[in-house]
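**Q** Below you will find the structure I want to go over with you.
The values are calculated or read from the model by the stated rules, or taken from the named source; none is laboratory data. These numbers come from a predicted model, not from an experiment. Ideal geometry is used to build each Cβ from the backbone, glycine not excepted, and the neighbour counts take in all protein chains shown. SASA here: full protein model, heavy atoms, side chains in, ligands and nucleic acids out. Shrake-Rupley method; radii C 1.70, N 1.55, O 1.52, S 1.80 Å.
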Amino acid sequence: MNGNKNIRTTLGKLVSSENEENWWRTELFEKNTRTQIPSELEIIAPPPAEEANYNCFVYALGFQNDQRLLGNAGWEFTKNLGLIFDEMIDKNILKHNDTSEKGFMILYRAEDETISHVGLMENENTVISKWSWGPLIKHAVFDVPDHYGDKVEFYTVSKEARDFVIEKYDNGGV
């Protein structure tokens with residue numbers, strides 16, 4: 001496992017279905033979870049209120065202010081964005097990069113090769129990402145939940161990618 005195993009295991013438990021209410025509900029996050037976040041990570045923003053919440057895919061594309069994709073209104077579509085990201089990779093809409101640079105998207109793959117998480121590189125070693133419907137966090141590349149996996153890829157997010165996602169949304173999803 002890449003990164004610190006203890007940190008990754010702790011984060012895996014915090015960002016799990018067993019802890020989901022404490023992860024994404026703002027008041028429960030502040031009461032029950034914030035203090036459990038390892039000090040190596042910086043919480044930039046707590047989870048937004050339910051109707052304004054979004055996931056990592058929405059954040060990486062810069063759609064966190066697009067009402068269509070927020071809260072329960074966007075849930076059915078945004079929970080499947082990993083599949084749309086794979087489609088954009090296959091069609092070369094997301095441009096692969098061999099190195100990490102500021103502004104590039106980092107994509108994590110779980111052991112089964114599915115996309116588990118995405119974020120934006122702040123610099124070559126630091127990521128800013130939205131974990132599920134939880135907080136926005138600044139972290140090292142592998143200071144992520146263990147179930148996000150050990151394989152990372154880097155891509156350039158373009159207007160073409162954002163337009164592709166909105167076109168998918170307008171046409172009813174995946």
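**Q** Using the Kirkwood radius built from alpha carbon pairs, what does the Stokes-Einstein equation give as D for region 106-174 at 10 °C and 1.306 mPa s, in µm² per second? Spell out each step's value before the answer.
**A** Details: Rh = 13.2 Å.
For these conditions, the coefficient is 120 µm²/s.
**Q** In whole Hz, what ³J(HN,Hα) sequence does region 48-62 give by Karplus (6.51, -1.76, 1.60; θ = phi - 60°), x for Gly and Pro?
**A** So the J values, rounded to whole Hz, are x, 4, 3, 6, 10, 7, 7, 10, 5, 5, 4, 4, 4, 8, x.
**Q** Relative contact order for region 84-174: what is it in percent, counting Cα pairs under 8 Å that are at least 6 residues apart? The partial results should precede the final answer.
**A** On the way: 146 pairs, mean separation 29.8, N = 91.
Computed value for region 84-174: 33 percent relative contact order.
**Q** While we're looking at this one, here's another question. Go through region 53-102 and name the GluC sites (Glu not before Pro) that are in a DSSP coil and have 15 or fewer other Cβ atoms within 10 Å of their Cβ.
**A** Numbers: sites: Glu76, Glu87, Glu101; in loops: Glu101.
Loop-located and lightly packed - Glu101.
**Q** Using only the alpha-carbon atoms of region 4-55, report the extent along each of the three principal axes, biggest first, to the nearest angstrom.
**A** Result for region 4-55: principal-axis Cα extents of 34, 23, 21 Å.
**Q** Counting other Cβ atoms within 10 Å, keep those with at most 11, restrict to DSSP loop, and tell me which trypsin sites (Lys or Arg not before Pro) in region 93-174 are left.
**A** Details: sites: Lys95, Lys102, Arg109, Lys130, Lys138, Lys151, Lys159, Arg162, Lys168; in loops: Lys102.
Loop-located and lightly packed - Lys102.
**Q** Separate question: Rule-of-thumb check for region 46-130: C-alpha Rg over 2.2 N^0.38 Å?
**A** Working: Rg = 13.2 Å, N = 85, 2.2 N^0.38 = 11.9 Å.
Rounded to two decimals, the normalised Rg is 1.11.
**Q** Spelling out what I want: for every residue of region 156-165, take phi, set θ = phi - 60°, compute 6.51 cos²θ - 1.76 cosθ + 1.60 (Karplus), and round to whole Hz; glycine and proline get x.
**A** Whole-Hz 3J(HN,Hα) from phi for region 156-165: 9, 8, 10, 4, 4, 5, 5, 5, 4, 5.
**Q** Still on this model: Quick one: if you stick a label point 7 Å off each Cα along the C-beta vector at Glu30 and Ile166, how many nm between them?
**A** Each label point lies 7 Å from its Cα, and together they span 3.4 nm.
**Q** Then there is this: Per residue, how many Å² of accessible area does region 60-174 show with a 1.4 Å probe? Can you show the working numbers first?
**A** Values: 5380 Å² over 115 residues.
In whole numbers, region 60-174 has 47 Å² accessible per residue.
**Q** Run the simple label-point estimate for Glu42 and Thr9 please: 7 Å along Cα→C-beta, distance reported in nm.
**A** Using points 7 Å along Cα→Cβ, the separation is 2.8 nm.
**Q** Follow-up question, since we're still on this one. Hey, what's the Kirkwood Rh for the chain if you take every pair of different alpha carbons, in angstrom?
**A** The Cα-based Kirkwood calculation yields 16.2 Å.
**Q** Where does the chain land at 222 nm, in deg cm²/dmol rounded to the nearest 500, when only DSSP H runs of n ≥ 4 count, each adding -39500 (n - 2.57), divided by all residues?
**A** Only helices count here, giving -8000 deg cm²/dmol.
**Q** Rank Ala49, Leu94, Thr78 by how far each Cα sits towards the positive end of the charge dipole of the chain (+1 on Lys, Arg Cβ; -1 on Asp, Glu Cβ) and give me just the farthest.
**A** Of the options given, the answer is Ala49.
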